[in-house]
Every structure is written in structure tokens, then in C-alpha cells.
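Where a number appears in this text, it was derived from the coordinates with a stated rule and is not lab data. Model, not experiment: these values are computed from the prediction. Cβ placement follows ideal geometry from the backbone for every residue including glycine, while neighbour counts extend to all protein chains displayed.
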Amino acid sequence: MIGNFRLILQRPPRQQYAALCYRMKKKQAQPEVLIATSRDTGRWVIPKGWPMSGKKAHQVAEREAYEEVGVKGRVDKTPLGSFHYRKTLDSGLKVLVRVQVHALEVEDCLKNFPEKGSRVLEWVSPEEAARRVNELELKTLLNAFGAKFPPAVSEPAPTVAANADKPIDKRAEKRSEKPVEKAMARSATKSLSKPAAKKRAS
């Protein structure tokens, strides 16, 4: 009995394939990652599944992305990396599973897909996805994926330089001109009226 238990522990991990589904945010170089809740425990995960007959690893990942979260796009044949977790089988046995992850750039989000309504789906940053998942290796993989892209740069609010020319207020300019014009008119009137006064005196 003890020998059989040791044999179970020594078995190599079972293999699954997963898709890291992402899309590029508009006007920014940072991606968003699609995560979903698992149907059994409700923890945050990425779509994954067991090998399929006649399909390669990246094709399995692509299929799981469609079935579990309803997205389609371009999947990379080269894996991003892998992570491990313990899965409880229907028999109650817990087994170690190795998950090979392939990046999938989402091009279409479908309204209808096989597992619609059975999970909560959410688009988040790679950093936020890393905070939500439980598996340490998956956290590392998500953070490394986000680090491949340029950091998000927020555009600063426009500021006026100290030495910038102020906009001209035409109304203020006209108001300032009126007193000057009146003063000039009064001065001209005085200069014209003085000779006339001398002639009357003579």
C-alpha cells in the first residue's frame, strides 16, 4: 500500500495546454489579459485543457480559448512558458499538472460559445492578472509577459510656460485705447482754441 502511494507521488505531472489571451489597448502599448473564474472553485485562471487527439499543443490552447472564454485570434506556436498546479480529478484523486502556455492575440470576441455563462470573464492588466491567480509560476509568467511591452505613459496635462506670450484680449486693448484717444482730442482742442482767444482780446 505504501509502495503504491509512493509510486503515485513519483508519477510525472500530467500535461495540459493553456492560452494566455490578450489584446492591445487603444492608443497604448500595454496589453490587457483575459482571465476567467474556474467552474469548480471560482478562482481566477486562464483557459486550459487536456491534450486532444490529432491537435498540436498550440491548437489545443486555441480551442480551449474558444470553448471557455469565447475568443478567437492568432496563437503562437512557441510556448511562453509553463506552470504547475494540483488538480482534483472526478475520482477525488489530486494530481500534479504541468500547463504549457501559448500566447493568443485576440481578434474576435464571440457572443456565443460552449461554456458561456459558466464563468466570470474580465479584461485586466498583466500585473492585475498576476495578483489574482493563485499559482506562483503563473504569476511570474504573467508579469514577465507584461514586461515585454513598453510601460504605459500617461499624457501630461498641457501647461503654459512662464515665458509664453499671453493671448491678446481685443476688448481690453480697445478699452485701453479709448482714454488715450480722448486725451489726445482734448489736447488738440486746447491748442486750437488758444490763438482764437488772443485775437478776440486784441
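Just so you know, in region 6-57 the residues that are surrounded by 13 or more Cβ atoms within 10 Å (Cβ to Cβ) and of a type in the set (Phe, Trp, Tyr) include one that is farthest from residue 107 (Cα to Cα), and it is 44.
All told, residue 19 falls short of being under 25 Å from residue 150 (Cα atoms) and not in a strand (DSSP E or B).
Residue under question is residue 82, and the condition is that it be under 25 Å from the mean Cα position of the chain (by Cα), of a type in the set (S, T, N, Q) and closer than 25 Å to residue 30 by Cα; does it hold? Judged against the criteria, residue 82 is a match.
When you look at residue 116, is it surrounded by fewer than 18 Cβ atoms within 10 Å (Cβ to Cβ) and outside any strand (DSSP E or B), yes or no? It is true that residue 116 is surrounded by fewer than 18 Cβ atoms within 10 Å (Cβ to Cβ) and outside any strand (DSSP E or B).
Kindly evaluate residue 41 against the criterion of being under 17 Å from residue 132 (Cβ atoms), in a loop (DSSP other than H, G, I, E, B), without any contact (Cβ under 8 Å) to a residue 60 or more places away in the chain and among the β-branched types (Val, Ile, Thr). So residue 41 fits the description; yes.
Answer yes or no as to whether residue 17 is touching a Leu at 6+ places or on another chain (Cβ under 9 Å) and aromatic (Phe, Trp, Tyr). No; evaluated as a whole, the condition is false for this residue.
What residue, of 28, 59, is outside any strand (DSSP E or B) and over 24 Å from the mean Cα position of the chain (by Cα)? Steps first, answer last, please.
Working: 28 fails: over 24 Å from the mean Cα position of the chain (by Cα).
Residue meeting the stated conditions: 59.
So, residue 72, is that one charged (D, E, K, R) and either buried (at least 19 other Cβ atoms within 10 Å of the Cβ) or more than 15 Å from residue 23 (Cα to Cα) (or both) or not?
For residue 72, the condition - charged (D, E, K, R) and either buried (at least 19 other Cβ atoms within 10 Å of the Cβ) or more than 15 Å from residue 23 (Cα to Cα) (or both) - is not met.
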